[in-house]
Amino acid sequence: MTSRLSFAEMLDHHPGQSATTIAEKALNQACALVGADAGVLYLRRQDAEDDSLVHAATHPGPKPAEHRISLDLPAMATIAVRTGATLKFDDATTPDAIATLNRDVDIPPGFEPGATAAFPLTNHAKNIIGVLVLSTDTISGRNFSTAPLDLFVRFCRLAGAAVEHADLLEQISQTQLDTSARTERLRTQVERLAFIEDIEGVRGDDAFRLAISMLARAAEIYDEGTGNHVFRVNEYSHFLGQTLGKDAKYCHQLRYSAQLHDVGKMGVAPSVLRKTSALDSAERREMDNHTVYGHRILSQSPRLAMAAEIALNHHEKWDGSGYPAGKRGDDIPLSARIVQIADIYDALRSRRPYKPSFDHAHARDIILHGDDRIDSGGHFDPMVVEAFGDTHASFDKIWRNLQDS
Ligand SMILES: [Fe+2]
Ligand SMILES: [Fe+2]
């Protein structure tokens, strides 16, 4: 139980990790949980022409010789994936084990196995998405007979879901899909978030926050960078919510919802999103639609209701001159009025292709008094600007704590 929860905590405390990092940590936790000394984790790659495994993590030391393995190749890993069964040899030197074990695939190079077991990794739909092959050394005399395997099977579901989730999001970020295909893939991901919440025994909040952090991170990678922008926006927004006297539940929701403000950019055509010259009016409309796309993606989960309202309204302006609907004043949800200031403060502090990084005093003055692009009185809720003005030093602190390396 401890290891399974600490895996969820690890994911939660280090949001936005790559699939490889999550796979490595899942493998280390798996070894700790069942008392294994070594292991290999593969992810399944399956399409119309190909069904194979790709190497994702090894513990300890270097990768096995084979990186991509056809499921036709005899090995414990491939058998576990083909059959969905857990394979277990308490003594790797028996004739059966020798006949089944493929040292180039199942064992880290140079490792001498005592006992070896292969565990399929499954996703929410119980499809097999990968495999863990774990081994003990010959010295310890340990095998897997006494390991808490029922618990371990549940760990494999969590690990499988988390790794697959990160892996798919990375694939979405890298793939040039058309708008409807991208939105559809994102919808599938959001449905999976609901599943991650349901995993028995895992604290819902941990898994939920992990999943949306990965979604936010994928959107950020797709858009303009890999920095900590979305995580800083969470923290500024949470802080502003507290400063405004909102209750703990509201502030908690704000903290995880704020990061999703630009998720809808994954619905915008890459040719528009990445265009460096001026946008024509149709392109500008498509870009502005990231608010509507974000709302469409997020509004299907009740727990993402605040995230959906932020995504839709974070470019509305107090005087009604914003988009997409031209809402004004209190018609704009408070969450969006808060995130807008958090988002703009962070954009001012950050270096962007079209502007240098501003220091805190410069960014603060633009929020409080405006400049040639930002009309503070017209754009922002005066109450939120006042809260910012009273506590602005904390924004600088958050910026410094979560600065991009
Ligand atoms: Fe935006
Ligand atoms: Fe942003």
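Read-outs throughout are calculated quantities, based only on the coordinates presented, and are distinct from any laboratory measurement. Please read these numbers as outputs of a predicted model, since none were measured by experiment. Here the Cβ is made from the backbone with ideal geometry for all residues, glycine too, and neighbour counts use every protein chain on show.
Values computed for the structure shown
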{"item": "Segment 42-133: relative contact order in percent, alpha carbon pairs under 8 Å with at least 6 residues between", "result": "31 percent"}
{"item": "Two-decimal Rg to Rh for segment 12-139 - Kirkwood Rh, Cα set", "result": "0.95"}
{"item": "246, 25 arranged by Cβ crowding within 10 Å, fewest neighbours leading", "result": "246, 25"}
{"item": "358, 388 arranged by Cβ crowding within 10 Å, fewest neighbours leading", "result": "358, 388"}
{"item": "Hz values of 3J(HN,Hα) by residue in segment 396-401 - Karplus curve (6.51, -1.76, 1.60), Gly and Pro given as x", "result": "4, 4, 4, 4, 5, 4"}
{"item": "Ascending count of other beta-carbon atoms within 10 Å, so fewest first, for 137, 372, 330, 346", "result": "372, 330, 137, 346"}
{"item": "Cβ-based net charge around residue 389, under 12 Å, with every Lys or Arg adding one and every Asp or Glu removing one", "result": "-2"}
{"item": "Cα centroid of segment 28-106 to Cα centroid of segment 248-321, whole Å", "result": "42 Å"}
{"item": "Partners for residue 63 among lysines (Cα-Cα distance below 17 Å; same-chain residues under 8 apart left out)", "result": "25"}
{"item": "Residue among 314, 268, 251 farthest towards the positive dipole end of segment 236-349, charges placed on Cβ", "result": "251"}
